[in-house]
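The values are calculated or read from the model by the stated rules, or taken from the named source; none is laboratory data. In this text the structure is predicted, and so the values were computed from the model without any measurement. FYI the Cβ positions are ideal-geometry reconstructions off the backbone, even for glycines, and counts take in every protein chain you see. What goes into the accessible areas is simple: the full protein's heavy atoms, side chains included, and nothing from ligands, DNA or RNA. Shrake-Rupley method; radii C 1.70, N 1.55, O 1.52, S 1.80 Å.
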Amino acid sequence: MSRPSFPAKLPAQAKGQSSAPKKVAAPAIKQGSAALKPLKKATSSLPAASHGLGLDSQAMRRRMVDKLAAQGISDSAVLQALGHIERHRFVDTALVGQAYEDTSLPIGLGQTISKPNVVARMMELLRQGQGKGLDSRGRMGRVLEIGTGCGYQAALLAQLCTEVYSIERLRGLHDKARENLRPFAIAHLHLLLGDGMLGYAKGAPYAGIIAAAGGEAIPQAWVDQLAVGGRIVAPMATASGSQALVVLDKTQQGVTQTVLEPVHFVPLKSGVM
Ligand code: SAH
């Protein structure tokens, strides 16, 4: 099967490159469509932050969204968000060629950005937990994300929620996310440097809490900071030592926890570095 294609040369001024441009291997992707224009032409009027994919990235996102829908993601708001936010702006220049494949990618400091399919699945689960809690525009209320990483999921959440708090424990990634998200200028997205295991009490109560790192259990602080009627979606260690996606719902009657499919997330760690 031919893979999605785009021009193989990256612009010299792509974001993240300073005075000495890094040598970047041309993405080994075959040209499958005659409709693609030479990169120079396609990107000449785009800001440097187009990050090398130029005008073709929209088509690639559409293909990614079609695949996600075929894989069973059915929440149109989630699919729309994934079609809108440019994932290639959040990965290093050398990985831009893989930005729209359904694969997790390294984002530095030993961390990874999750596969689009997993990101979509978790946001779909988060929204399904809201019952009648969505506003007239179908958005969730205030949401807390644990593990900002490169900021990609935070940008997606900002499309789906009225207010997003995203917390990261690694300063290097917190700063990177801040830089990645600057061009989006999202006023209702708040990036925080801190230990997400403690949640973020000042923003509570949350309609939803979503974690991109998995621990032994769901921290009690998250449950405490979750609104009644809210939902937590997080990876968690299972008895067999692997990891599964867990959904926790908080109701007037108490808390229910449902263990879903196996996943592979980076570990949830305490402390700030
Ligand atoms: N949602 C991110 C995924 C990042 S990977 C994205 O779209 O890029 C998970 C992140 O969780 C890592 O950056 C890791 O440093 C962070 N993390 C792990 N434990 C944490 C904690 N206790 N508090 C905040 N962030 C944490």
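Assess whether Ala207 counts as being buried (at least 19 other Cβ atoms within 10 Å of the Cβ), more than 12 Å from the ligand (Cβ to nearest atom) and not in a loop (DSSP other than H, G, I, E, B).
yes
In segment 224-236, what residues are surrounded by fewer than 19 Cβ atoms within 10 Å (Cβ to Cβ) and in contact with a strand residue (DSSP E or B) (Cβ under 6 Å, 6 or more places away or on another chain)?
Of everything in segment 224-236, those that are surrounded by fewer than 19 Cβ atoms within 10 Å (Cβ to Cβ) and in contact with a strand residue (DSSP E or B) (Cβ under 6 Å, 6 or more places away or on another chain) turn out to be Ala227, Val228.
Tally the residues that are assigned to a strand (DSSP E or B), within 15 Å of the ligand (Cβ to nearest atom) and free of Cβ contacts under 8 Å to residues at least 60 places away in the same chain, restricting the search to segment 210-230.
Total satisfying the criteria: 2.
Restricting to segment 75-92, and then to whatever is within 17 Å of Lys115 (Cβ to Cβ) and among the small types (Gly, Ala, Ser), can you tell me which residue is farthest from the ligand (Cβ to nearest atom)?
Step by step, filter segment 75-92, then rank; the result is Gly83.
Assess whether Leu144 counts as being more than 15 Å from Ile85 (Cβ to Cβ) and in contact with a Lys or Arg (Cβ under 7 Å, 6 or more places away or on another chain). Steps first, answer last, please.
Numbers: more than 15 Å from Ile85 (Cβ to Cβ): yes; in contact with a Lys or Arg (Cβ under 7 Å, 6 or more places away or on another chain): no.
No.
Report, by residue number, each residue of segment 234-273 that is within 16 Å of the ligand (Cβ to nearest atom) and either among the small types (Gly, Ala, Ser) or in contact with an Asp or Glu (Cβ under 9 Å, 6 or more places away or on another chain) (or both).
Within segment 234-273, Ala234, Met236, Ala237, Leu245, Leu268, Lys269, Ser270, Gly271, Val272 qualify.
Looking only at segment 256-273, which residues are in a strand (DSSP E or B) and more than 21 Å from the chain's Cα centre (by Cα)?
Thr256, Gln257, Thr258, Val259
Considering only segment 52-91, state which residues are of a type in the set (Ser, Thr, Tyr) and either open to solvent by less than 30 Å² (accessible area, probe 1.4 Å) or assigned to a helix (DSSP H, G or I) (or both).
The first filter runs over segment 52-91 and keeps only residues of a type in the set (Ser, Thr, Tyr), leaving 57, 74, 76.
Ser57, Ser76, listed by residue number.
Look at segment 77-99 and say how many of its residues are more than 20 Å from Leu160 (Cα to Cα), of a type outside the set (Val, Ile, Thr) and out of contact with any His (no Cβ under 7 Å at 6 or more places or on another chain).
Looking only at that region, the number is 5.
Mind telling me which of the residues Asp175, Asp195 ends up being near the ligand (Cβ under 10 Å from one of its atoms), of a type in the set (D, E, K, R) and either under 19 Å from Leu226 (Cα atoms) or out of contact with any Phe, Trp or Tyr (no Cβ under 8 Å at 6 or more places or on another chain) (or both)?
Values: Asp175 fails: near the ligand (Cβ under 10 Å from one of its atoms).
Exactly one residue qualifies, and that residue is Asp195.
Check off (1) within 11 Å of the ligand (Cβ to nearest atom); (2) over 25 Å from Lys132 (Cβ atoms) for Ala201 and give me the number that stays unchecked.
(1)
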